[in-house]
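One structure is given here, and the rest of the page talks about it.
The values are calculated or read from the model by the stated rules, or taken from the named source; none is laboratory data. Note that the structure is a prediction, hence the values are computed from the model and not measured. Neighbour counts run over all protein chains shown; Cβ positions are idealised from the backbone, glycine included. Remember, those area values only see protein heavy atoms, side chains included, never the ligands or the DNA or RNA. Shrake-Rupley method; radii C 1.70, N 1.55, O 1.52, S 1.80 Å.
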Amino acid sequence: YTILSKVHSDRNVYPSAGVLFVHVLEREYFKGEFPPYPKPGEISNDPITFNTNLMGYPDRPGWLRYIQRTPYSDGVLYGSPTVENVGKPTIIEITAYNRRTFETARHNLIINIMSAEDFPLPYQAEFFIRNMNVEEMLASEVLGDFLGAVKNVWQPERLNAINITSALDRGGRVPLPINDMKEGVYVMVGADVPFSSCLREVENPQNQLRCSQEMEPVITCDKKFRTQFHIDWCKISLVDNTKQVSTFQEVVRGEGILPDGGEYKPPSDTLKSRDYYSDFLITLAVPSAIALVLFLILAYIMCCRREGVEKRNMQTPDIQLVHHSAIQKSTKELRDMSKNREMAWPLSTLPVFHPVTGEIVPPLHTDTYDNTSMPLMQTQQNLPHQTQIPQQQSAGQY
């Protein structure tokens, strides 16, 4: 038979507001709920995925995130609870799916958010670690090593991890699957003492200049992190809540009675007539008058100020006028001769038949022949098929 679902007993957790909360959904914890059905000699390793949501809602609260990289890895719920949810139990429904048998198992996680006496910590620093993924950083031993390195550099009395955020949630890009590249993770920590001189080195003008040039800044305490964590010091954020000026303004409440402004006088129902003659003059008459004046000035310049041909000839030397007139006459004659040459040739100038055989001779030129190079009169030397006629000789020669 198929088991549709099983319900675990509820589990209660008690995180503090403003402190990082991490809850691991272990696959081994849910394996006992699914019959393994293994083959003889095999060990069951079914793929299991989880679905988490707030009871009565399709998604989780805004402060709570969930990640599971593969169906063969554990799921992790993590986030930083807010002060607004203190004292209100948050019930998270956890549903486990067996991807081999399609069975489900479900139980509830009751999160009771407690108030922290030392929250919020006034000095907060956010680090960007480039060589870590979020699920790797959420492991207790890795997070403990990082907090130990920060405590060694900062030397605070109280140090808490406030929040962890994946670089993908901050607009980062998915890395290429080469050289074991990581997504990167932001880790925010809080302390009760001011920032150390090592952390303040990021604010130096020299390091700020190197960051603007996409160069790595020079930090003296970087070697204490470099063995395990590669920190991008250009993306570190230091927040001092003790120096922040509160923008809250106290509201001064009155007696609830409006001051006496006299008797209310509503506007009259009748509207006074308005004279639009001045508006007409400003918008239409004045621009039209200016345009008319400009038109008259232009017309006077173009029409009344012309010198004319006679004045131009009077100012031109006679020899230049004669030369110009001769050029015009010659041009006109050439144009007339060109028009006459384009006319058809007279029939009397065309050969009609052969002078000896009487054979009809076609025209000497085709339609595409350039007739401008053909002489007007054809001579016998130009005719084809010309037969030489013997000439009569004088009697004295015989």
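Measuring nothing but protein heavy atoms, the accessible surface of the stretch 6-113 at 1.4 Å probe radius is 52 percent carbon and sulfur. The largest accessible area among Glu126, Glu141 belongs to the first residue in Glu141, Glu126, and the rest follow in falling order (1.4 Å probe, all chains).
Surface calculation, 1.4 Å probe, protein heavy atoms: Thr316 sits at approximately 30 Å² accessible. For the stretch 6-113, a simple Cβ point-charge model (Lys and Arg +1, Asp and Glu -1, everything else neutral) yields a dipole of about 120 debye relative to the Cα centre. Classify the stretch 123-240 from the C-alpha gyration tensor, please: rounded if a/c falls under 1.5, else prolate or oblate depending on whether a/b exceeds b/c. Oblate is the answer for the stretch 123-240, as a/c is 1.5 or above yet b/c matches or exceeds a/b. Remark: the Ile297-Asp318 segment gains 4.0 nm on full extension, using 0.36 nm per residue and subtracting the alpha carbon distance.
The packing ranking, built from the mean of other Cβ atoms within 10 Å per residue, places the peptides 83-93, 106-116 in the order 106-116, 83-93, highest first. Ordered from largest to smallest accessible area (heavy atoms of protein chains, 1.4 Å probe), the residues Tyr29, Tyr66 come out as Tyr29, Tyr66. Each residue of the stretch 45-59 is assigned a 3J(HN,Hα), and the resulting list reads 9, 6, x, 10, 10, 10, 10, 10, 7, 6, 4, x, 9, x, 10 Hz, derived from the Karplus form 6.51 cos²θ - 1.76 cosθ + 1.60 (θ = phi - 60°), x at Gly and Pro. Remark on Asn131: its backbone amide H falls under 5 Å from those of His230, a criterion applied only to residues 5 or more positions apart or on other chains, H modelled at 1.01 Å from N.
Going by the alpha-carbon gyration tensor, a ≥ b ≥ c the square roots of its eigenvalues, is the stretch 171-238 rounded (a/c under 1.5) or, if a/c is not under 1.5, prolate (a/b greater than b/c) versus oblate? Prolate, because a/c is 1.5 or more and a/b exceeds b/c. As a calculated quantity, the FRET efficiency between Leu54 and Tyr14 at R0 = 22 Å, using C-beta atoms, amounts to about 0.75. State whether the stretch 105-177 is rounded, prolate or oblate according to the following rule on the C-alpha gyration tensor (a ≥ b ≥ c being the square roots of its eigenvalues): a/c under 1.5 gives rounded; otherwise a/b larger than b/c gives prolate, and the remaining case gives oblate. Oblate shape, in that a/c is at least 1.5 and b/c is the bigger or equal ratio. For a modelled paramagnetic label at Leu238, 7 Å from Cα along Cα-to-Cβ, the residues of the stretch 159-192 in reach, with backbone nitrogen under 18 Å, are 159-160, 187-192. Using the Cβ-Cβ distance between Ile290 and Asp192 with R0 set to 51 Å, the FRET efficiency from 1/(1 + (r/R0)^6) comes to roughly 0.05. Taking a threshold of 27 Å on the Cα-Cα distance, which of the pairs Lys151/Lys182; Lys182/Lys223; Lys31/Lys151 fall above it? Going by Cα-Cα distance, Lys31/Lys151 fall outside the 27 Å limit.
Across the stretch 191-208, rounded Karplus estimates of 3J(HN,Hα) from the backbone phi angles (6.51 cos²θ - 1.76 cosθ + 1.60, θ = phi - 60°) give 9, 9, 10, x, 5, 6, 5, 5, 5, 6, 5, 5, 7, 5, x, 5, 5, 5 Hz, Gly and Pro being marked x. Solvent-accessible surface of the stretch 70-215, averaged per residue with a 1.4 angstrom probe and all protein chains in place: 50 square angstrom.
Over the stretch 6-113, what relative contact order in percent results from Cα pairs under 8 Å that are six or more residues apart? With pairs under 8 Å counted, the relative contact order is 41 percent.
Within the full protein context, the accessible area of Val187 is estimated at about 0 Å² for a probe radius of 1.4 Å. In the stretch 123-240, the portion of solvent-accessible area held by carbon and sulfur atoms comes to 49 percent [1.4 Å probe, whole percent, DNA, RNA and ligands not counted].
What is the calculated FRET efficiency for Asn85 to Asn179, with r their C-beta to C-beta distance and R₀ = 41 Å, to the nearest 0.05?
Numbers: r = 41 Å, r/R0 = 1.01.
The calculated FRET efficiency here is 0.50.
Using the average count of surrounding beta-carbon atoms within 10 Å as a protection proxy, the listed peptides 288-295, 96-103, 210-217, 265-272 rank, highest first, as 96-103, 210-217, 288-295, 265-272. Exposure check, 1.4 Å probe, all protein chains in place: Arg226 carries approximately 80 Å² of accessible surface. Taking amide H positions as modeled 1.01 Å from N, with prolines and chain starts lacking one, the residues under 5 Å from Gly75 and 5 or more places away or on another chain are Leu25, Arg27. The 3J(HN,Hα) values that the Karplus relation (6.51, -1.76, 1.60; θ = phi - 60°) gives for the stretch 286-291 are, in residue order, 5, x, 5, 5, 5, 5 Hz. Gly and Pro appear as x.
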